[in-house]
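To keep things clear, I will list the structure first and then write my remarks on it.
The values are calculated or read from the model by the stated rules, or taken from the named source; none is laboratory data. What you are looking at is a predicted structure, and each value in this text was computed from that prediction instead of being measured. As a convention, Cβ positions derive from the backbone with ideal geometry for all residues, glycine included, and neighbour counts pool all protein chains shown. Surface areas here come from the heavy atoms of the whole protein model, side chains and all, with no ligands, DNA or RNA. Shrake-Rupley method; radii C 1.70, N 1.55, O 1.52, S 1.80 Å.
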Amino acid sequence: MLELAVCDDEKVFRSDLRKILSRELELCGIRYLIREFASGEELIAGLEQTDCQILFLDIEMKGLDGVTAARRLRQMKRQMEIIFVTSYADFVFQGYEVRALNYILKPYDPNKITAVLHTALEALDAEAEKYYVIEQKQGSIRLPLSSVKYFASDRRMIHAVTTDREYTFYEKLSELETELPESFVRIHNRYLVHLKYLQAIQQNTAVVDGEALPVSRSCKNSLSAAFAKYMLQ
C-alpha cells in the first residue's frame, strides 16, 4: 500500500490536496493511505514511529516551518519523496538541502499536483527496482542502492556506507562503477557518491549527508556538472 502524508497548518489546503490526490490514485487503481498533519511538530511526532513514501509539505507554517521539519526528517533517516507546497516561488530553492523532489505553488493547480505525484511514483519505482548484490561466503546480500550514500575503496576492499549501516566486500571500484546507475558519480579515486545524498560541493570536498569527503581536481568539473543535471531532473 502506498502511504502519503500531507502537512499544512491550513485545513482547507489539506482537504483540497487530499481530494486531488485521492481522485488520481483511485483512477490509477493504487491502494493508498493519506495521513494529515496540521503542523511541523505534529508531522515529526507522527513519523517517529512510522514512515511514508511521499510527503506534501507546506513551507510556511507557524512554529516549525516546512524546511526545518524536512531537515529533521532527513536527520531521522526518513527517505520519502518530499514535495514542498508554498505560496511564494522564492522559497523553492530552500528545498535543495533536504533533497526535495519538487514543489507546488498555491493556489493548487490539479494538473500540476497529478504531474508531480506521478513523478514521485516513478522515482519510487526506479529506486525500488535497483539493487547491488554482494556475494559473501555466508550467502548473497541484496543491497538497495537507494539507501547507499557512497562507496569507498580501501585497497581490495569496498565499503558501502548506507543510511543505517556499512557493508564490506571484495571488489575493484572501477569494476563496481560500471555496474551502477548514473546517479553514482566518482569524486576521487577512492570514492563513488550517490547524488541523492550530495548536499554541497565546497572547494575540495563534497558534503554527503553531513559528511565531508575529498574531491580530486580531475573529478571536480564532472561532479559539478552531474550534480547540476541531477538537481534539474
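Among the numbered criteria (1) open to solvent by 30 Å² or more (accessible area, probe 1.4 Å); (2) touching a residue at least 12 places away in the same chain (Cβ under 8 Å); (3) among the hydrophobic types (A, V, I, L, M, F, W, C); (4) closer than 24 Å to residue 227 by Cα, which single criterion is violated by residue 38?
It is condition (4) that residue 38 fails.
Let me spell it out: the conditions are (1) within 23 Å of the chain's Cα centre (by Cα); (2) surrounded by 16 or more Cβ atoms within 10 Å (Cβ to Cβ), and residue 48 meets all of them except one. Which number is the exception?
(2)
So residue 143 passes all but one of these: (1) under 22 Å from residue 76 (Cα atoms); (2) over 23 Å from the mean Cα position of the chain (by Cα). Which condition number does it fail?
Evaluating residue 143 over (1) under 22 Å from residue 76 (Cα atoms); (2) over 23 Å from the mean Cα position of the chain (by Cα) leaves (2) as the failure.
Can you tell me which residues in segment 143-184 are basic (Lys, Arg) and either out of contact with any strand residue (DSSP E or B) (no Cβ under 7 Å at 6 or more places or on another chain) or part of a helix (DSSP H, G or I) (or both)?
Here is the first cut: in segment 143-184, the ones basic (Lys, Arg) are 149, 155-156, 165, 172.
Scanning segment 143-184 gives 155, 165, 172.
All but one of (1) surrounded by fewer than 18 Cβ atoms within 10 Å (Cβ to Cβ); (2) more than 20 Å from residue 82 (Cβ to Cβ); (3) in contact (Cβ under 8 Å) with a residue 24 or more places away in the chain; (4) not β-branched (Val, Ile, Thr) hold for residue 231; state the number of the condition that does not hold.
All conditions are met except number (2).
Within segment 186-228, can you find the residues that are within 22 Å of residue 74 (Cβ to Cβ), assigned to a helix (DSSP H, G or I) and without any contact (Cβ under 8 Å) to a residue 24 or more places away in the chain?
Within segment 186-228, just 228 meets the criteria.
Identify, please: which residue in segment 147-187 is closer than 18 Å to residue 226 by Cβ and open to solvent by 40 Å² or more (accessible area, probe 1.4 Å) and is, among those, farthest from the chain's Cα centre (by Cα)? Write out each step before concluding.
First, the residues of segment 147-187 that are closer than 18 Å to residue 226 by Cβ: 148-151, 173-174, 176-187.
Keeping just the survivors that are open to solvent by 40 Å² or more (accessible area, probe 1.4 Å) gives 174, 177-179, 182, 186.
On the way: 174: 26, 177: 21, 178: 23, 179: 21, 182: 16, 186: 19 Å.
Among those residues, the one meeting the criterion is 174.
Given the condition of a type in the set (Asp, Glu), more than 19 Å from residue 14 (Cα to Cα), part of a loop (DSSP other than H, G, I, E, B) and more than 13 Å from the chain's Cα centre (by Cα), answer yes or no: does some residue in segment 51-72 qualify? It would help to see each step written out before you state the result.
So in segment 51-72, the residues of a type in the set (Asp, Glu) come out as 51, 58, 60, 65.
Restricting the remaining residues to those that are more than 19 Å from residue 14 (Cα to Cα) gives none.
Among the residues of segment 51-72, not one is of a type in the set (Asp, Glu), more than 19 Å from residue 14 (Cα to Cα), part of a loop (DSSP other than H, G, I, E, B) and more than 13 Å from the chain's Cα centre (by Cα), which makes the answer no.
Just wondering, is there one or more residues in segment 107-126 that are charged (D, E, K, R), modelled with pLDDT under 90 and either surrounded by 15 or more Cβ atoms within 10 Å (Cβ to Cβ) or outside any helix (DSSP H, G or I) (or both)? Before the answer, list the steps.
Of segment 107-126, the ones charged (D, E, K, R) are 109, 112, 122, 125.
Those left that are additionally modelled with pLDDT under 90: 122, 125.
Then drop every residue that is not either surrounded by 15 or more Cβ atoms within 10 Å (Cβ to Cβ) or outside any helix (DSSP H, G or I) (or both), which leaves none.
No: segment 107-126 contains no residue that is charged (D, E, K, R), modelled with pLDDT under 90 and either surrounded by 15 or more Cβ atoms within 10 Å (Cβ to Cβ) or outside any helix (DSSP H, G or I) (or both).
Just give me the residues in segment 188-206 being open to solvent by 20 Å² or more (accessible area, probe 1.4 Å) and either in contact with a Leu (Cβ under 6 Å, 6 or more places away or on another chain) or among the small types (Gly, Ala, Ser) (or both), in sequence order.
Those that are open to solvent by 20 Å² or more (accessible area, probe 1.4 Å) and either in contact with a Leu (Cβ under 6 Å, 6 or more places away or on another chain) or among the small types (Gly, Ala, Ser) (or both): 191, 200.
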